[in-house]
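Each remark here refers to the structure printed beneath this line.
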Amino acid sequence: MGDTTTNPDAPATSAARPGRGLRELLPALAAAAFAVVAFALASQVPEGARLTQFSPRWWPELLAVLVLVLSVCLAVGALLRPTTTVEEDVPEEATREGTWRLTAMLASIVGYGVLWYFIDFRVSTTLLFIALTWLGGGRGWKALLLFPIVVTAILYLLFGVLLRVPL
């Protein structure tokens, strides 16, 4: 008889199965649903005076269509990809610290929305990125100061200066 021992260094794989599980298609379905809702909401934006070729709803509708196309590509990729499970690809069990970090990040984003109402975009956005970087594990002055300031400056220049969005 042959050797029936397994190599502990070999990746764990599962046999190919004929049907795909909902778990593999769930991200694509969620993105498609988001795209449909975003497109429906964008189509409710009033046209206004047509000063240019593009109406105010053009950009949101384009983004919604792009998300829909990408979600279809994601679904096709999930359906065509062979079903092998590598041990490194399996997510670890949820921990108390991970749950705390996720909750703190969501609370930071909600707090950002409230803070932005009272103080300037540049200050509140910098504080948000400092909080998210710290919660994500960033340490040191480059991660906690330089990165948030540069990202906030880029966002302000793009939206506030170039696109003239009131921030």
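One chain, two ends: Ala153 and Arg23. Fully extended at 0.36 nm per residue, the span grows by 42.9 nm beyond their Cα-Cα distance. Shape index of segment 98-167: Rg/Rh, with Rg the Cα radius of gyration and Rh the Kirkwood radius from the inverse mean 1/r over Cα pairs, equals 1.01.
All of the numbers you see were taken from the coordinates with simple rules; none came from a lab. Keep in mind that this is a model prediction, so the values were computed, not measured.
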